[in-house]
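**Student:** Once you've had a glance at the structure underneath, I'll fire off some questions.
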Amino acid sequence: GESVGLHLPTLSVQEGDNSIINCAYSNSASDYFIWYKQESGKGPQFIIDIRSNMDKRQGQRVTVLLNKTVKHLSLQIAATQPGDSAVYFCAENSGPGMNDMRFGAGTRLTVKP
Amino acid sequence: NAGVTQTPKFQVLKTGQSMTLQCAQDMNHEYMSWYRQDPGMGLRLIHYSVGAGITDQGEVPNGYNVSRSTTEDFPLRLLSAAPSQTSVYFCASSYDQERNTEAFFGQGTRLTVV
C-alpha cells in the first residue's frame with residue numbers, strides 16, 4: 001500500500017481480476033479524500049472522492065472505502081483492464097480550500113493481458 | 001474546450017537561467033494552482049490563485065513567482081533556475097477553491113536544469 005511521502009509501490013494484476021490499491025493517510029483532521037489516476041506522460045485525472053461522513057462510495061467499476069479508525073483509504077477497481085494501467089494516488093484535504101490538499105506518492109498498477 | 005493547457009512540454013535550462021512556464025484554461029475556473037512532482041513524492045503545491053489579481057504561496061514557493069492578470073492564464077516564473085528545480089510541473093484549475101471541487105490538471109512540463 002501507499003503512504004503519503006513514501007516510495008512508490010507497485011501492483012501487478014491479471015486482466016479481468018479486481019485490483020485493490022491502498023493508501024494510509026496521516027492527518028486525522030482530514031475530511032475529504034480523492035483518488036487520482038495518472039497515465040504515463042499525462043496529468044492526474046480525477047477518479048472518485050469521498051467525504052469523511054461516508055465509509056464507502058461507488059463509481060463506474062471503482063469503489064472507494066474509508067476507514068477513519070485506522071486512517072486508511074482504498075480504491076477497488078473491478079474487472080481490471082489494460083487501460084487501467086497507471087499510477088494511482090490518493091489525496092487528503094484537512095482545510096477549507098484545495099490548497100490544504102496533500103497528495104500521496106502513488107501506486108503503480110500494471111495490468112497483464 | 002481544451003481544458004488546461006501547459007507549454008512547453010519539455011525544457012532544458014542551464015543553472016541561473018530564467019524562464020516562464022505557461023498555463024491556460026478555458027473553463028472559466030477561478031482557482032488555479034501549480035504543483036511539482038518529484039520521483040517517489042506526491043504533488044507539492046508551489047503557488048495558487050483564487051481569482052484574477054490574487055495569488056498566494058503554497059508548500060514550496062521558493063525560487064518561483066506567479067501572477068494572475070486574467071482568469072484564463074497563470075504563468076509560473078523561475079527566477080534563477082537551480083538543479084533542485086528539475087521536476088515535472090503541473091498546472092491545475094477548478095471552478096472554485098472549495099475542496100469538494102474536482103481539479104483538472106494539465107499535461108505537465110518536464111523541466112531539467114543542468
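The values are calculated or read from the model by the stated rules, or taken from the named source; none is laboratory data. Since we're looking at a predicted model, the values are computed, not measured. Positions of Cβ are backbone-derived with ideal geometry, glycine not excepted, and every protein chain shown enters the neighbour counts.
**Student:** Determine which member of the set A:66, A:73 is within 24 Å of residue B:98 (Cα to Cα), buried (at least 17 other Cβ atoms within 10 Å of the Cβ), touching a residue at least 40 places away in the same chain (Cβ under 8 Å) and not charged (D, E, K, R). Give the derivation first.
**Tutor:** Numbers: A:66 fails: touching a residue at least 40 places away in the same chain (Cβ under 8 Å).
Just one listed residue meets the conditions, A:73.
**Student:** From the set of residues in segment A:95-113 that are more than 30 Å from residue B:30 (Cα to Cα) and within 14 Å of chain B (Cβ to nearest Cβ), which is surrounded by the fewest Cβ atoms within 10 Å (Cβ to Cβ)?
**Tutor:** At the first step, the residues of segment A:95-113 found to be more than 30 Å from residue B:30 (Cα to Cα) are A:107-113.
Filter once more, keeping what is within 14 Å of chain B (Cβ to nearest Cβ): A:107-108.
Numbers: A:107: 21, A:108: 17.
Restricting to residues being more than 30 Å from residue B:30 (Cα to Cα) and within 14 Å of chain B (Cβ to nearest Cβ), the top hit is A:108.
**Student:** Does any residue of segment B:25-38 turn out to be farther than 17 Å from residue A:46 by Cβ and touching a Lys or Arg at 6+ places or on another chain (Cβ under 8 Å)? Walk me through it before giving the result.
**Tutor:** Filtering segment B:25-38 for residues farther than 17 Å from residue A:46 by Cβ gives B:26, B:28, B:30, B:34, B:36, B:38.
Next, only the ones that are touching a Lys or Arg at 6+ places or on another chain (Cβ under 8 Å) stay: B:36, B:38.
Yes, because at least one residue in segment B:25-38 is farther than 17 Å from residue A:46 by Cβ and touching a Lys or Arg at 6+ places or on another chain (Cβ under 8 Å).
**Student:** Follow-up. Name the single residue, out of those in segment A:73-94 being more than 7 Å from every other protein chain (Cβ to nearest Cβ) and farther than 17 Å from residue A:45 by Cβ, that is modelled with the lowest pLDDT.
**Tutor:** We begin by selecting, within segment A:73-94, every residue more than 7 Å from every other protein chain (Cβ to nearest Cβ); these are A:73-88, A:90-92, A:94.
Checking the rest, the ones that are also farther than 17 Å from residue A:45 by Cβ come to A:73-74, A:76, A:78-79, A:92, A:94.
Numbers: A:73: 95, A:74: 96, A:76: 98, A:78: 98, A:79: 97, A:92: 92, A:94: 86.
Only one residue fits best here, namely A:94.
**Student:** Something else about it: Conditions: (1) away from chain B (no Cβ under 12 Å); (2) closer than 23 Å to residue B:4 by Cα. Residue A:43 meets all but one. Number of the miss?
**Tutor:** (1)
**Student:** Criterion first (touching a strand residue (DSSP E or B) at 6+ places or on another chain (Cβ under 6 Å) and within 12 Å of another protein chain (Cβ to nearest Cβ)) does residue A:21 satisfy it? Break it down stepwise before answering.
**Tutor:** Working: touching a strand residue (DSSP E or B) at 6+ places or on another chain (Cβ under 6 Å): yes; within 12 Å of another protein chain (Cβ to nearest Cβ): no.
No: the conditions fail for residue A:21.
**Student:** Among the residues of segment A:25-51, which ones are of a type in the set (Gly, Ala, Ser), surrounded by fewer than 16 Cβ atoms within 10 Å (Cβ to Cβ) and farther than 20 Å from residue A:83 by Cα?
**Tutor:** Our first condition is that a residue be of a type in the set (Gly, Ala, Ser); within segment A:25-51, this holds for A:26, A:28-30, A:40-41, A:43.
Remaining after also requiring surrounded by fewer than 16 Cβ atoms within 10 Å (Cβ to Cβ): A:26, A:28-29, A:40-41.
Of everything in segment A:25-51, those that are of a type in the set (Gly, Ala, Ser), surrounded by fewer than 16 Cβ atoms within 10 Å (Cβ to Cβ) and farther than 20 Å from residue A:83 by Cα turn out to be A:26, A:28, A:29.
**Student:** Let me ask something additional. Could you list, in sequence order, all residues of segment A:6-20 that are farther than 28 Å from residue B:110 by Cβ and not in a strand (DSSP E or B)?
**Tutor:** A:15, A:16, A:17, A:18
**Student:** Which of the strands (runs of 3 or more DSSP E) found entirely inside segment A:21-100 contain at least 2 residues meeting this: polar (S, T, N, Q)? Give the steps one after another, and end with the answer.
**Tutor:** Working: elements: A:32-38, A:45-51, A:56-58, A:62-67, A:72-77, A:86-93.
Per the criteria, A:62-67, A:72-77.
**Student:** Between a first residue in segment B:75-87 that is closer than 13 Å to residue B:62 by Cβ and a second residue that is of a type in the set (Lys, Arg) and surrounded by 13 or more Cβ atoms within 10 Å (Cβ to Cβ), which pairs have beta carbons less than 9 Å apart while being 6 or more apart in sequence or on different chains?
**Tutor:** Matching pairs, first to second residue: B:85/B:36.
Results for (1) among the charged types (D, E, K, R); (2) modelled with pLDDT of 95 or more; (3) within 15 Å of residue B:19 (Cβ to Cβ), shown as yes or no for each residue.
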{"position": "B:52", "(1), (2), (3)": "no, yes, no"}
{"position": "B:56", "(1), (2), (3)": "yes, yes, no"}
{"position": "B:60", "(1), (2), (3)": "no, yes, no"}
{"position": "B:74", "(1), (2), (3)": "no, yes, no"}
{"position": "B:79", "(1), (2), (3)": "no, no, yes"}
{"position": "B:97", "(1), (2), (3)": "no, no, no"}
{"position": "B:107", "(1), (2), (3)": "no, yes, no"}
{"position": "B:114", "(1), (2), (3)": "no, yes, yes"}
